[in-house]
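Engineer: Could you have a look at this structure, given as structure tokens, before my questions?
The values are calculated or read from the model by the stated rules, or taken from the named source; none is laboratory data. Just so we're clear, the structure is a prediction, and the values are computed from it rather than from any experiment. Positions of Cβ are generated from backbone atoms using ideal geometry, with glycine treated the same way; all protein chains shown enter the neighbour counts.
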Amino acid sequence: MRISSIFLALTLSLPILGLILAALLGQPSPIGSDGMVSGSTLTHLWNYVLTDYIVTTLLLCFGVGIGVFILGVGNAWLIANYQFPGKAIFEWALILPLAVPAYVMAYLFVDFLQHAGPVQTLLRENLGLIVSLPDPRSLGGAIWTFTMCLYPYVYLVARTSFLDRSARFMEVAE
């Protein structure tokens, strides 16, 4: 079974490995307008594009991680440790973002929060406020969207953990 798994993995990775090999050796490839991908193409990508992409990706991961931790653990702590009106509603409402795919939520955020969207139009026309909300198509908008999509996973795990611990731990801590 192990050999068959390795064979299957190698077979499925051959197209990717072929493209990487073609790029490194400058062999003909379906990528590029002239059918050639050379080492200079990879150097150009590394020097001018990939560094920005890597930095943006790291900022996105860090921002989403912090946001998901704050929302997921914070809400789980409040739900698990305090009694307040509407707690039962919040217990289920906080997991509702799981029902919406990330790409749909991103589209909704962009549509609602852009300059011509209903939120800014309402603020301008009905309330007379001139507000410029942050661009939903920016890094901050991506962090917001991913945070809103992913925090329910952390919330569910943290809430389960907080509810499963013994009440004696709280008594000992006091």
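Engineer: Scan region 133-174 residue by residue and report those that are within 24 Å of the chain's Cα centre (by Cα) and part of a loop (DSSP other than H, G, I, E, B). Write out each step before concluding.
Structural biologist: In the first step, residues of region 133-174 are kept if they are within 24 Å of the chain's Cα centre (by Cα); the result is 133-161.
Of everything in region 133-174, those that are within 24 Å of the chain's Cα centre (by Cα) and part of a loop (DSSP other than H, G, I, E, B) turn out to be Leu133, Pro134, Asp135, Pro136, Arg137, Ser138.
Engineer: Look at region 75-95 and say how many of its residues are among the hydroxyl-bearing types (Ser, Thr, Tyr) and in a helix (DSSP H, G or I).
Structural biologist: Initial filter on region 75-95 (among the hydroxyl-bearing types (Ser, Thr, Tyr)): 82.
Going one step further and asking which of them are in a helix (DSSP H, G or I), we end up with none.
Number of matching residues: 0.
Engineer: Output the number of the condition that Val104 fails; it satisfies all remaining conditions of (1) of a type outside the set (S, T, N, Q); (2) part of a helix (DSSP H, G or I); (3) surrounded by 12 or more Cβ atoms within 10 Å (Cβ to Cβ).
Structural biologist: Condition (3) is where Val104 drops out.
Engineer: Right, another one. Quick one: would you say Ser132 is polar (S, T, N, Q) and either closer than 12 Å to Gly72 by Cβ or modelled with pLDDT under 90 (or both)? Full working, then the answer.
Structural biologist: Numbers: polar (S, T, N, Q): yes; either closer than 12 Å to Gly72 by Cβ or modelled with pLDDT under 90 (or both): yes.
Against the criterion (polar (S, T, N, Q) and either closer than 12 Å to Gly72 by Cβ or modelled with pLDDT under 90 (or both)), Ser132 qualifies.
Engineer: Shifting gears a bit: For Ile89, only one of the following conditions fails: (1) more than 23 Å from Thr57 (Cβ to Cβ); (2) free of Cβ contacts under 8 Å to residues at least 12 places away in the same chain; (3) within 14 Å of the chain's Cα centre (by Cα). What is its number?
Structural biologist: Among (1) more than 23 Å from Thr57 (Cβ to Cβ); (2) free of Cβ contacts under 8 Å to residues at least 12 places away in the same chain; (3) within 14 Å of the chain's Cα centre (by Cα), the lone unmet condition for Ile89 is (3).
Engineer: For region 70-82, name all the residues that are under 14 Å from Phe162 (Cβ atoms) and not small (Gly, Ala, Ser).
Structural biologist: Looking only at region 70-82, we keep the residues that are under 14 Å from Phe162 (Cβ atoms), and these are 72-82.
Once the filter is applied, which keeps residues that are under 14 Å from Phe162 (Cβ atoms) and not small (Gly, Ala, Ser), region 70-82 yields Val73, Asn75, Trp77, Leu78, Ile79, Asn81, Tyr82.
Engineer: Hey, among the residues in region 148-169 that are aromatic (Phe, Trp, Tyr) and at pLDDT below 95, which one's farthest from Glu91 (Cα to Cα)?
Structural biologist: Phe169
Table: residues versus (1) within 17 Å of Tyr153 (Cβ to Cβ); (2) at pLDDT 90 or above; (3) touching an Asp or Glu at 6+ places or on another chain (Cβ under 9 Å); (4) not aromatic (Phe, Trp, Tyr).
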position: Val68; (1), (2), (3), (4): yes, yes, no, yes
position: Leu78; (1), (2), (3), (4): no, yes, no, yes
position: Glu91; (1), (2), (3), (4): yes, yes, no, yes
position: Ala99; (1), (2), (3), (4): yes, yes, no, yes
position: Phe109; (1), (2), (3), (4): no, yes, no, no
